[in-house]
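J.: Questions regarding the structure given below will be posed in turn.
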Amino acid sequence: MRALLQVFLIPLGFIYALAAWFRRQYFQRLNKRKKSAVFTISVGNLAVGGTGKTPMALYLAQHTKNSTAMLSRGYKRKTKGFREVQLTDDTALCGDEPLEMKIANPNLPIFVCEKRLEGIVSIQKLLPQTETVILDDAFQHLPLLANKYVLLTDFNLPFYKDWPMPAGRLREFACTASQADVVVVTKCPIDLQETEADIIRRRLEKYDIPVFFCHYENADPENALGNTCPSDAHIMVVSGLANNDAFQTWAKKWGNVKVCLGYPDHYNFKPSDYSQWQQTLLMSEDTVILTTRKDFARMQGLPDDMKRRIFMTFTTPKFLFQQEDAFLRILFN
């Protein structure tokens, strides 16, 4: 039934992607795209949903050797315009991913602005020593022409196997990938074989860009106090991600999972949710909540007595086939 529905949606997807293609042509052919005065790296994708942009953006920030800032549009925030992200913010002010990045790296200047060129100008005024700005999710932001484009695609559903929305998850035609500087296949199995990687490389040859492969490694969960999750704990998994199943599968391999609660991506947790979790926690002192750093950023107003029993993990890109140096050379020359 789902496959039949997809067939009917393909024409709508073609129209949607065609409109995106005309928009891109408008900006390119009429020279509407502008470069900023500072070096910019855009991390993005062709598909909606989680391909691992935030972990990759943080990885790049950690590998720059000059003064760096991060700029995001602040998806689903309730504010407008330019704003610096503070550790005391909630997601209504800046969005969950910028707040997650701030929690991960408190010393990294992180900003939100829906108009990226204006945002970069504001960053320069505020922090004139800034030499590099990393843009989170800006592949489709056409007014800005970044110096380098990193395009991510999920190993489990690469863009060349997908369809434009609503038949699939693509925001644009797959051919747009040729405008990136590198393609990174994310969330690969850690034991990915060269023969399997070669099959993917051959599928991407026509885009004439270097292809890299990353395994996304989850850190051992810790609570806000820095304590590691006990290995014998009874675990309730709570997540609001684009792919809850993948996170729950990892959690079941990591520990003794008893309950899994999945919410929509970017879901704002409510007091009623906390009450539901509390009922499960009251059943056993050995029960803890396992979540992601991104989800924890959206848990505003969490009761203090629950915080010590919530453990967070986060993912870090690990390049396969000793590709890391080559990847960084392309971006930072």
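J.: Between a first residue in the range 188-205 that is in the same structural domain as F155 (by TED's automatic domain parsing) and a second residue that is part of a helix (DSSP H, G or I) and hydrophobic (A, V, I, L, M, F, W, C), which pairs have beta carbons less than 7 Å apart while being 6 or more apart in sequence or on different chains?
T.: Correct list of pairs: empty, since none qualify.
J.: Just to verify a result, which residue in the range 6-59, among those that are surrounded by 15 or more Cβ atoms within 10 Å (Cβ to Cβ), outside any helix (DSSP H, G or I) and of a type in the set (V, I, T), is nearest to the chain's Cα centre (by Cα)?
T.: T51
J.: Take the residues of the range 153-178 that are assigned to a helix (DSSP H, G or I) and in contact (Cβ under 8 Å) with a residue 60 or more places away in the chain: which is farthest from F247 (Cα to Cα)?
T.: T176
J.: Read through the list (1) farther than 25 Å from Q278 by Cα; (2) touching a helix residue (DSSP H, G or I) at 6+ places or on another chain (Cβ under 6 Å), then give the number of the only condition that A224 fails.
T.: Exception for A224: condition (1).
J.: Being surrounded by fewer than 21 Cβ atoms within 10 Å (Cβ to Cβ) and at positive phi is true for just one of D191, D137, D162. Which residue is that?
T.: Of the residues listed, the single one that is surrounded by fewer than 21 Cβ atoms within 10 Å (Cβ to Cβ) and at positive phi is D137.
J.: For the range 112-136, name all the residues that are over 23 Å from L151 (Cβ atoms) and either touching an Asp or Glu at 6+ places or on another chain (Cβ under 7 Å) or touching a residue at least 24 places away in the same chain (Cβ under 8 Å) (or both).
T.: Once the filter is applied, which keeps residues that are over 23 Å from L151 (Cβ atoms) and either touching an Asp or Glu at 6+ places or on another chain (Cβ under 7 Å) or touching a residue at least 24 places away in the same chain (Cβ under 8 Å) (or both), the range 112-136 yields E118, V121, S122, I123, Q124, L126, L127, Q129, T130, E131.
J.: Are there strands (runs of 3 or more DSSP E) fully within the range 227-333 with at least 1 residues that are surrounded by fewer than 19 Cβ atoms within 10 Å (Cβ to Cβ), within 26 Å of the chain's Cα centre (by Cα) and among the hydrophobic types (A, V, I, L, M, F, W, C)? List them.
T.: Qualifying strands (runs of 3 or more DSSP E): 256-262, 315-319.
A quick yes/no check of all residues on (1) touching a strand residue (DSSP E or B) at 6+ places or on another chain (Cβ under 8 Å); (2) at pLDDT 95 or above; (3) under 20 Å from M101 (Cβ atoms):
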{"position": "A233", "(1), (2), (3)": "yes, no, no"}
{"position": "L282", "(1), (2), (3)": "no, no, no"}
{"position": "T291", "(1), (2), (3)": "yes, yes, yes"}
{"position": "F296", "(1), (2), (3)": "yes, no, yes"}
{"position": "M299", "(1), (2), (3)": "yes, no, yes"}
{"position": "D325", "(1), (2), (3)": "no, yes, no"}
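J.: What's the number of the condition R202 fails, among (1) touching a helix residue (DSSP H, G or I) at 6+ places or on another chain (Cβ under 8 Å); (2) in a helix (DSSP H, G or I)?
T.: It fails just one condition, (1).
J.: Can you tell me which residue is surrounded by the most Cβ atoms within 10 Å (Cβ to Cβ) among those in the range 100-134 that are hydroxyl-bearing (S, T, Y) and closer than 18 Å to H63 by Cβ?
T.: T132
J.: Of the numbered conditions (1) loosely packed, with under 15 Cβ neighbours inside 10 Å; (2) touching a residue at least 12 places away in the same chain (Cβ under 8 Å), T88 fails exactly one; give the number of that condition.
T.: Of everything listed in (1) loosely packed, with under 15 Cβ neighbours inside 10 Å; (2) touching a residue at least 12 places away in the same chain (Cβ under 8 Å), T88 misses just condition (2).
J.: Within the range 246-255, is even one residue basic (K, R), at negative phi and in contact (Cβ under 8 Å) with a residue 60 or more places away in the chain?
T.: Taking every residue of the range 246-255 in turn, none turns out to be basic (K, R), at negative phi and in contact (Cβ under 8 Å) with a residue 60 or more places away in the chain.
J.: Given the criteria at pLDDT 95 or above, of a type in the set (G, A, S) and closer than 24 Å to F139 by Cβ, does A177 qualify?
T.: Against the criterion (at pLDDT 95 or above, of a type in the set (G, A, S) and closer than 24 Å to F139 by Cβ), A177 qualifies.
The values are calculated or read from the model by the stated rules, or taken from the named source; none is laboratory data. Source: prediction; values computed, not measured. Cβ sites come from the backbone with ideal geometry, for glycine too, and all protein chains shown count toward neighbours.
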